[in-house]
Amino acid sequence: MRRRGLRATTAAAAAAGTVVLALALSGCTLLHGGDDRVPKPARTSSATGPDADPTADPTVQAASLNPPTMRPGTLLTETDLTSPSGRTTIHVRVVVGDHGTFTTELSGYRSTEAQAMTLEFRRTVPSPGDGFDVEYGQVQWQAGAQPPASSPLDGVGARPDFLRSVVLVPTLVTDADGDIADQHDWTGHVLAVAPLTWHVPSPYPDLQVTIGAARPGAYGIVSALGTRTHDYLVAHGDDQITVAKRFGITVPELRWMNPDMQVAPNGWLTEGDHLNLDPTGR
């Protein structure tokens, strides 16, 4: 079982509020299509810049494209997090900082549960009781303490609006030997969750997608999910440049609509991935 937690420190470090984290991440399961045969890749592609780094987070890469101009102090999202029992609640705001940074502001925290807490942002909207997932902008505080009034929201590029929710997770506490020192029923699982509505200007207010015919490098299947929304199932050998051309858009526009799009160093997409083709469905 993967676990993360707060490790007990010396009395002096504890007095300073030092928190040592042990984090665990879990990946995302890919959705695959049917058993139809697809052509072998008929082209090769190369990438430079951000795509050339196979270790870079593609979500942050995509979120960093075409950064908007926003004044420091601009409110981007605001919500209340409340546990199902109502015994734990906190108010969360994200505002623009200086020089392209973002700040998480926390207030009104109250809880009848005396346990350490972790607040984090996620790319999905989990349910109470769910476990670990990829997280951003973690803020932690000890049992019985108040959270910091503000904390940097790091690692989100220039567009944090790809984050879909903010969650509160009771944190596992371990002693100096790594043994569990404190644990509650909700430890390591989502205690409270709130979806996020972002007020970030669109970089492509007039973006229109044209459904083009399949071609080498863009053999995937297009499915209609509604009157406007379409889904694209990535085929073997598809690459981001050709897929974008098939739909009459640019690569930055394709990546803006799909913050989680996985791109290999050579520009190829991951077979079986589903891509959003509706600008309103980002």
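The values are calculated or read from the model by the stated rules, or taken from the named source; none is laboratory data. Treat the numbers as computed from the prediction; the structure is a model and nothing was measured. Cβ placement follows ideal geometry from the backbone for every residue including glycine, while neighbour counts extend to all protein chains displayed. Accessible surface is based on the protein model in full, side chains and every heavy atom, while ligands, DNA and RNA are left aside. Shrake-Rupley method; radii C 1.70, N 1.55, O 1.52, S 1.80 Å.
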- request: Search the range 89-112 for residues being over 25 Å from Ala158 (Cα atoms) and in contact with a Pro (Cβ under 9 Å, 6 or more places away or on another chain), and hand back the single one that is surrounded by the fewest Cβ atoms within 10 Å (Cβ to Cβ).
  value: Tyr109
message: Tell me yes or no: at least one residue of the range 249-258 is at pLDDT 90 or above, of a type in the set (Val, Ile, Thr), assigned to a loop (DSSP other than H, G, I, E, B) and surrounded by fewer than 20 Cβ atoms within 10 Å (Cβ to Cβ).
response: yes
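Do any strands (runs of 3 or more DSSP E) lying entirely in the range 188-237 carry at least 1 residues that are under 30 Å from Met117 (Cβ atoms) and either open to solvent by less than 40 Å² (accessible area, probe 1.4 Å) or among the basic types (Lys, Arg) (or both), and which ones are they? Walk me through how you get there before you give the answer.
Numbers: elements: 192-195, 221-224, 230-233.
Fully inside the range 188-237 and qualifying: 192-195.
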- prompt: Any chance the range 131-153 includes a residue that's on the phi < 0 side of the Ramachandran plot, open to solvent by 40 Å² or more (accessible area, probe 1.4 Å) and among the acidic types (Asp, Glu)?
  reply: no
- request: Scan the range 79-131 residue by residue and report those that are β-branched (Val, Ile, Thr) and assigned to a loop (DSSP other than H, G, I, E, B).
  value: Thr101, Thr112, Thr124, Val125
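Kindly provide the set of residues from the range 78-134 that are under 17 Å from Leu191 (Cβ atoms), in contact (Cβ under 8 Å) with a residue 40 or more places away in the chain and of a type in the set (S, T, N, Q), ordered by number. Show your work before the answer.
Our first condition is that a residue be under 17 Å from Leu191 (Cβ atoms); within the range 78-134, this holds for 79-92, 106, 108-122, 124-133.
Okay, now just the ones that are also in contact (Cβ under 8 Å) with a residue 40 or more places away in the chain, so 79-84, 88-90, 92, 106, 113, 115-122, 124-133.
Answer for the range 78-134, where residues must be under 17 Å from Leu191 (Cβ atoms), in contact (Cβ under 8 Å) with a residue 40 or more places away in the chain and of a type in the set (S, T, N, Q): Thr79, Thr82, Ser83, Thr88, Thr89, Gln115, Thr118, Thr124, Ser127.
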